[in-house]
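Step one of this worksheet: look at the structure below.
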Amino acid sequence: MPAEADPTRRTVLRTTLAAAATGATALSLAAPTPAAASPSASGRTTTLPLTGHLPTGCPDFVYLPVEVPEGVREIAVTYGYDKPPVPAGTPGNSCDIGIFDERGTDLGGEGFRGWSGGFRTEFSLARDAATPGYLPGPINPGTWHLVLGPYQVAPQGLDYHVEVTLTFGEPGPEFVPHYPAERARGRGRAWYRGDCHLHTVHSDGRRLPEEVAAGARAAGLDFIVSTDHNTSSSHAAWGPLAGPDLLILPGEEITTRNGHWLALGLEAGEFVDWRYRSRDEEFPRFVRQVHRSGGLVVPAHPYCPYVACQWKFGYEQADAVEVWNGPWTYDDESAVDTWDSQLAVALRHGRSWTPAMGNSDAHSVPQVIGSPHNVVLAEDLTRDAVLDGLRAGRSWLAESSAVHLDLTATGHGRSAGIGEELTVPADAPVDVRLTVSGVPGGTVRLITDEGQMHQEPLAADGSGTVVWRTTASLAAYVRAEVRHPKADGTPGRGNSMGPDLPWGPMAALTNPIVLSAGGR
């Protein structure tokens, strides 16, 4: 259980670091005595080490108190831990780190000052500057806390060592954030392309924010969302990098122990906590926080096979779900299948349905920004309009900006597009029309609540128009997939009972057009 879900255990860890169980010693730093200080108070430092042992089964988060006296200008931290050999198939040691200030470590509280996970072995923060992932601001006196996140612990346990250095002196100037504007130069009501899952050096990415912005422009994107893990520090860097041609929205990827989720379109500088599991029943609280900001809650890569990545919170409170993450894999096939099944159940029971999203989750070269991305019908290129389009499912997913698509359903003198509802008499003919370009040798699949109902190859140049007829009595919805040829060059057909899919990787995927029987 995370420490925040058990106040008694949390208090013990804060005050004694569970010394009896872990062998740790509390860290208390006091101002140096005059005899120990250098002739000039400014720039003098105090450094103390802390070591400890965390056994298998320790809490998810271990808090190490640090007493910060008056006059500290900067806090610098280095840390490491042992990595003993483990049996084949057994996870080895992996430990994250972050810091909370004198305002405390309460879940969702105000004390958060930064997190770098396991990406860095050192960091520092001051009033005017901080290591990426950490928040510049006042270094106030009081009890601060380093937080260790033992992500995986070997059978032998985990021995850690932390070194905290306090530098004394006058504080630097106040930090001035440069948040991005909530509006770019749009084209009015139009289709806009955007990647909503991207990382920078502010978490575990290796691209600078300016490299991400340049990559988004090169990919032909109109907007991006910044989603560094468990920190809002990058929000303040995007202002000069946005512009009339690129809308940049603040966000965060919240990496809990029971799955990752995206908070899209946060208020600039807003932080969303991640220190809970599904059984703690804290997820709804942070869903409400994001919704109060007007943002979206999106489970990310729900079938990712890595530790703590698989989604365990359910989809009832999600605004959308990321069914396509980076290069197409079997994980994505599973995500699309699950989403499609939930889509059928929701519409059968007259409930709202959850839109699909696709994002690159790009961290570094050679991962491609914008592959895939979302193509959203929005009233304009603004934060609220883009989020409204995604929330409504007026969107489709594209492998790249080279792929173009249009899907409509027409019947009984009416027409509807992606994410919209077409209401017609139950047996009135409905013509579904899909126009595609940019997928050479590809295959079109038209899918309803009864499964794939039509499949047709595209021309060698990747373009074509497919028309298929149905009725609202036969299909509760229709959506389209455009697939690349299989690795052997064949388009695939029918069903397959073997380990290989009967079609190739995804090139484009649409949200549904809902067909409703009613009226005259």
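The values are calculated or read from the model by the stated rules, or taken from the named source; none is laboratory data. Because the structure is predicted, anything quoted here is derived from the model rather than measured. Because the Cβ atoms are built from the backbone with ideal geometry, glycine has one as well, and the counts that use them run over all protein chains shown.
Where strands (runs of 3 or more DSSP E) fall wholly inside segment 116-216, the ranges with 2 or more residues that are in the same structural domain as residue 257 (by TED's automatic domain parsing) and aromatic (Phe, Trp, Tyr) are 190-198. May I ask you to say which residue of 368, 386, 375 is of a type in the set (Val, Ile, Thr), in the same structural domain as residue 222 (by TED's automatic domain parsing), more than 17 Å from residue 295 (Cα to Cα) and outside any strand (DSSP E or B)? Going through 368, 386, 375 in turn, the sole match is 368. Considering segment 436-520, the qualifying strands (runs of 3 or more DSSP E), each wholly inside and each with 3 or more residues that are under 28 Å from residue 376 (Cβ atoms), among the aliphatic types (A, V, I, L, M) and at pLDDT 95 or above, run over 443-448, 477-483, 506-510, 513-517.
Scanning segment 298-314 for residues that are buried (at least 24 other Cβ atoms within 10 Å of the Cβ) and out of contact with any Ser or Thr (no Cβ under 9 Å at 6 or more places or on another chain) yields 298, 299, 301. Among 284, 302, which is the only one that is assigned to a loop (DSSP other than H, G, I, E, B) and either without any contact (Cβ under 8 Å) to a residue 60 or more places away in the chain or touching a strand residue (DSSP E or B) at 6+ places or on another chain (Cβ under 6 Å) (or both)? Result: 302 is the single residue among 284, 302 that is assigned to a loop (DSSP other than H, G, I, E, B) and either without any contact (Cβ under 8 Å) to a residue 60 or more places away in the chain or touching a strand residue (DSSP E or B) at 6+ places or on another chain (Cβ under 6 Å) (or both).
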